[in-house]
Amino acid sequence: MLQTLSWLFGTAVKNKFSLEEFSAELGKSFTFLPQPSGQVIQQVWKEKRESLVGLENAKPVTAAGQLIDFQWKLGIAVSADSCKSLKSPCITVVLKVADGLGNVTCKTFEMTIAQFQNFHSQFKEMASVLETF
């Protein structure tokens, strides 16, 4: 979904779409979206169009990596460095990330419930910050 949105905004910037052209492309490419979601995306384009089109000639920033997949599961720790005692609940997270060259790597780590809750709140905070752009 994020790749498709990124493509949509990139195409719109490259072609300097008007709001009407952007809305038409959105309707063509995102037929599965509920109407309110489409309206939000159109509103973002309406508000940010000028600044995005102005960045078209800016030098690209090196990509930090692209999150391809995020999986987590709740389990019971049999042996782990971060869990204080065995048989305590833990969260196992598996991240699949692609670098700028397309090489995909998997990162796996375990967290306690408290660490996972903190991790979750940090992601929510990042999402709310990104929504302002």
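Values in this text are rule-based calculations from the coordinates and carry no lab data. Please read these numbers as outputs of a predicted model, since none were measured by experiment. Using ideal geometry, Cβ is built from the backbone for each residue, glycine included, and neighbour counts are taken over all protein chains shown.
3J(HN,Hα) along region 35-48, derived from phi through the Karplus expression 6.51 cos²θ - 1.76 cosθ + 1.60 where θ = phi - 60°, amounts to 3, x, 5, x, 5, 5, 4, 5, 5, 4, 4, 4, 6, 9 Hz, with x in place of Gly and Pro. Give the distance, in whole Å, between the Cα centre of region 101-133 and the Cα centre of region 1-50. Comparing the Cα centres of region 101-133 and region 1-50, I get a distance of 26 Å.
With a cut-off of 15 Å between beta carbons, the residues surrounding Gln117 carry a summed charge of -1, where Lys and Arg count +1 and Asp and Glu -1. Contact order for region 87-132, expressed relative to its length and based on alpha carbon pairs under 8 Å spaced 6+ residues apart, stands at 33 percent. Listed by chain and number, the lysines placed with their C-alpha closer than 18 angstrom to that of Lys107 are Lys73, Lys96; residues fewer than eight positions away on the same chain are left out.
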